[in-house]
Amino acid sequence: TALSKGSKSKFTFAYVSDSRQCNGGGERSLHGSNAYIMKKIAAMSIDENASFMQFTGDMINGYSTSLSDHELQFANWRRAIEPYWHYIPVNIGMGNHEAYITKFDYGSEDGISVDNFPFNSSSAERIFANNFVNPENGPLSEDGSKYDPDKNNMDFPPYKENVFYYTYANTAIVVLNSNYLYSPKAYDNPLTGGNAHGYIMDVQLEWLKNTLKMFEKDDEIDHVFVTVHTPALPNGGHANNDMWYFGDNSVRPVIAGVAVDKGIIERRDEFLNLLSQKVVALLCGDEHNYSRIQITSGMPMYPENWDGKKLTVNRPFWQITNGSAGAPYYGKEELPLSDYVNKFSTQYALMLFDIEGDTVKMRVKDPDTFDLIEEVVLREE
């Protein structure tokens, strides 16, 4: 039985992402997912008495153009942990590899891809919701935004069950989607339309703002975790995209042939600026490693000759990335930000948050070798 909202009793929750298939064959490459490691992650979560698991994106290889293939990959992932999730809730967010796409070749080597349509019935977002059960308390869609080309019809994919929040005891988890309306070639071919990898669009951002304000006023909630697939500050394999793109602020969504006002760096700062007093950490994935970094003012977060407004971080908070659920590992990149990384590991990793009252501790363990990668206090009384 779940602890009641507001309870100060001790509990543990687990976090991980990125379990798409790896080299090695067998269950490490079970048509879309690394079932071998996901089984171990689920078993360790049960063994550590986790009350629930949050998994944020890239459970499968995805990028499918066939619905039956896409859903088979989802089924393989579910079957890998089915013996365990009868006993522990698993809440799931989307990543870029949950992409279900329509592809146009147009003579190019890789082709041009967009989110599958019609959006309301056949998009990656809709197929994701058809395959998993999550809360339905998120925004409706990007319809009604400044960039909506037709106010009378639904022009965007639904946010149903891919952007949401939930609470457990004195803790809230807010799940976002930074691969909404995702066009894999949006960076190279912006006029294709759609959204670039890592960009949080307007309606979703406003929903996040209102949701965090709600929890700030809620006396029964002491701790908030915001989770999104793409790190705000990548450092181990995705400096070329996520919310950075090597500092190229020109990257942004294009809707009905019109680029939106804010670029990826500007939007990243708006996003980080919303992470309010109760937010303990931003939990990310995408980079196939484990890293922990404390976000503070004065960090090298901007390209050279940046003449735009810079973010003032009034309260340091953690960005913790764990894309170590079985996908092929990425090494650490040499970036100006690298000196600020507190911990980095390429081991498989499961994050375990131990929460008791006002105290939040984190243990990170390798589910394959049972090594303790690190143990750290994130917040204390």
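The values are calculated or read from the model by the stated rules, or taken from the named source; none is laboratory data. All figures in this text were calculated on a predicted structure; none of them were measured in a lab. When we count neighbours, we look across all protein chains shown, and the Cβ atoms used for this are built from the backbone with ideal geometry, even at glycine. Heads up: the accessible areas ignore ligands, DNA and RNA and are worked out on the full protein's heavy atoms, side chains in. Shrake-Rupley method; radii C 1.70, N 1.55, O 1.52, S 1.80 Å.
Observations on the model:
- Residue pairs meeting the criteria (Cβ under 7 Å; at least 6 apart or on separate chains; first farther than 16 Å from Arg268 by Cβ, in the stretch 177-195; second open to solvent by 10 Å² or more (accessible area, probe 1.4 Å) and among the basic types (Lys, Arg)): Thr192/Lys185
- The residues of the stretch 5-19 that are of a type outside the set (A, V, I, L, M, F, W, C), open to solvent by less than 40 Å² (accessible area, probe 1.4 Å) and either under 21 Å from Ala43 (Cα atoms) or touching a helix residue (DSSP H, G or I) at 6+ places or on another chain (Cβ under 7 Å) (or both), listed by number, are Thr12, Tyr15, Ser17, Asp18, Ser19.
- Total residues in the stretch 237-270, condition touching a Pro at 6+ places or on another chain (Cβ under 6 Å) and surrounded by 18 or more Cβ atoms within 10 Å (Cβ to Cβ): 3
- Gln294 meets all of the listed conditions (1) open to solvent by 10 Å² or more (accessible area, probe 1.4 Å); (2) part of a loop (DSSP other than H, G, I, E, B); (3) within 26 Å of Val377 (Cβ to Cβ) but one, namely (2).
- Counted residues, the stretch 176-217 - those being among the hydroxyl-bearing types (Ser, Thr, Tyr) and not in a loop (DSSP other than H, G, I, E, B): 3
- Applying the set (1) on the phi < 0 side of the Ramachandran plot; (2) touching a Phe, Trp or Tyr at 6+ places or on another chain (Cβ under 9 Å); (3) not β-branched (Val, Ile, Thr) to Ser183 leaves exactly one unmet item: (2).
- Tyr165 satisfies every condition listed in (1) at pLDDT 95 or above; (2) open to solvent by 20 Å² or more (accessible area, probe 1.4 Å); (3) assigned to a loop (DSSP other than H, G, I, E, B) except (3).
- Residue check, Lys146 open to solvent by 10 Å² or more (accessible area, probe 1.4 Å) and in a helix (DSSP H, G or I): no
- Which numbered condition Phe225 fails, given (1) under 30 Å from Asn170 (Cβ atoms); (2) open to solvent by 10 Å² or more (accessible area, probe 1.4 Å): (2)
- Residues that are over 30 Å from Leu191 (Cα atoms), assigned to a strand (DSSP E or B), touching a Leu at 6+ places or on another chain (Cβ under 8 Å) and of a type in the set (Ser, Thr, Tyr) are absent from the stretch 23-38.
- Residue count for the stretch 336-367, restricted to those that are open to solvent by less than 40 Å² (accessible area, probe 1.4 Å) and assigned to a loop (DSSP other than H, G, I, E, B): 4
- Qualifying residue in the stretch 257-269 (condition: farther than 21 Å from Lys213 by Cβ, of a type outside the set (Phe, Trp, Tyr), out of contact with any Phe, Trp or Tyr (no Cβ under 8 Å at 6 or more places or on another chain) and not in a loop (DSSP other than H, G, I, E, B)): yes
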